[in-house]
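Please read the structure below before turning to the comments.
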Amino acid sequence: MQTLYPNLILDALRNVRYPGTGKDIVESGMVEDDLRIDGNKVTFSLIFDKPTDPFIRSVVKAAETAILTFADPDIDIKGNIAVKTRQPLPEKPQNPLPGVRNIIGVSSGKGGVGKSTVAANLAVALARQGYKVGLLDADIFGPSVPKMFGLEEEQLYMRTDEATGRDLIIPAERYGVKVLSIGFMVERDSAVVWRGSMASNALRQLITEGDWGELDYFLIDMPPGTSDIHLTLVQTLALTGVVIVSTPQQVALADARKGISMFTGDKVAVPVLGIVENMAWFTPAAHPDERYYLFGHDGAVRLAEELEVPLLAQIPVVADICDRGDSGAPAALEDNAEGMAFAALAKAVVTAVDNRNATLPPTAKVEITRK
């Protein structure tokens, strides 16, 4: 075996090209300056921009092959290449919404479980209970909050803040809730075809340039699933917690479990305030005491018990919920069975937030006053 020296290894690595740019990994600055040679053992690190880079495994394998091919076949290299990542993320603003006391995400593991219906009715129910409430429709590719609030013709208007000189976006206000939606930024019947960066920038603008004022609860209707939009939100705002919406179906529960895992993971680290089981059962209008379990029975109840998170509410399937949402008048406006279900959800969310705040240091707690 020939004598090994750093330039021999680096010359071999110049034969490896990063697929994203076509440049060799040495020229691209991907080889860390921690190269060590101990006899026939070689160790060093490769640097990638992000931990989710799809080419990590293939580049590491190519680097091992290049060293064995162009340097020496007897080098001990397999498993000796460490992977490091850069995090070129924008710094999180210290407090982009100084007048907002609690920021709550409403999320779901998959679409079609009624997440936006829950978010809209929760906002109205909180407002009816005397709280100052804002609702941001962050469901980039399926904004439905404008229809649920009868704001489909709404456009964005600006005002200049005399104190700071900043131009602020004025939220629409309906049923005591301040509302901004991605849907206000596009044509009503047009598909939203945005790259991730465009969507994230538009979302940041609605958050940081919205004239939200003083709010007790700022609700965010998040996109379903897990995406870079969720990361944008947690990088922009310090969320108080998140409410997970699911149906009792096993496929929905499996996706809800993934969503909870994302929020509680180290990279996101947002408390889960609890689970809402939507479409828990069907009750015919003519027979209010009857229950038919169309999508399974107590699936979210068991998931909440398993993951040791609160079950905030079970919302039944009632035709009036959908009809009122389509007509722009959420069911939470009424004092019937549907309205009472969302009123109970609002109280459960307030309790969950209070319990969460009770575990914080005194300097981090917030005081809520009804208007």
Item to check | Size-normalised alpha-carbon gyration radius of the stretch 6-85, reference 2.2 N^0.38 Å | outcome: 0.99
Checklist entry - How large is Rg over Rh for the chain, taking Rg from the Cα atoms and Rh as the Kirkwood inverse mean of 1/r across Cα pairs? => result 1.10
Checklist entry - How would you rank 69-75, 216-222, 287-293, highest first, on the average number of other Cβ atoms within 10 Å across their residues? => result 216-222, 69-75, 287-293
Next on the checklist: If R₀ is 45 angstrom, what is the calculated FRET efficiency for the pair Ala238 and Leu10, using the beta carbon separation as r and rounding to 0.05?
Outcome noted: 0.55
Item to check | Sequence ranges 199-211, 119-131, 169-181, ranked by mean other-Cβ count within 10 angstrom, highest first | outcome: 119-131, 169-181, 199-211
Item to check | When each of Lys50/Lys110; Lys23/Lys50; Lys61/Lys84 is checked by Cα-Cα distance, pairs over 23 Å | outcome: Lys50/Lys110
Next on the checklist: I'd like the Kirkwood hydrodynamic radius of the stretch 15-59, using the inverse of the mean 1/r over distinct C-alpha pairs, in Å.
Outcome noted: 11.5
Next on the checklist: What are the membrane-span-like helices in the chain by this rule: whole DSSP H runs, Cα extent along the axis at least 27 Å, mean Kyte-Doolittle hydropathy at least -1.0?
Outcome noted: 337-358
Checklist outcome for this item: the chain, Gaussian network, Cα under 10 Å: of Glu153, Glu277, Glu27, the residue fluctuating most is Glu27
Item to check | Cα lying deepest toward the dipole's positive end in the chain, options Ser327, Val251, Phe48, charges on Cβ | outcome: Phe48
Checklist entry - What whole-number value in cubic angstrom gives the convex hull volume per residue for the C-alpha atoms of the stretch 124-264? => result 136
Checklist entry - Taking the simple approach of a point 7 Å from Cα along Cα-to-Cβ for both Gln2 and Phe141, what is their distance in nm? => result 5.1
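For the stretch 6-85, with only Lys/Arg (+1) and Asp/Glu (-1) charged at the beta-carbon, what is the dipole magnitude about the Cα centre, in debye rounded to 20? Could the numbers behind the result be given before it?
Details: 10 positive and 13 negative charges, 62 e Å.
Roughly 300 debye for the stretch 6-85.
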Checklist entry - What distance in nm separates the simple spin-label points at Asp76 and Thr43, each placed 7 Å from Cα in the Cβ direction? => result 1.1
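Taken together, the values in this text are just the output of simple stated rules run on the coordinates, not laboratory data. All of these numbers come straight from a predicted model, not from anything done at the bench. We place every Cβ from the backbone using ideal geometry, glycine too, and count neighbours over all the protein chains shown.
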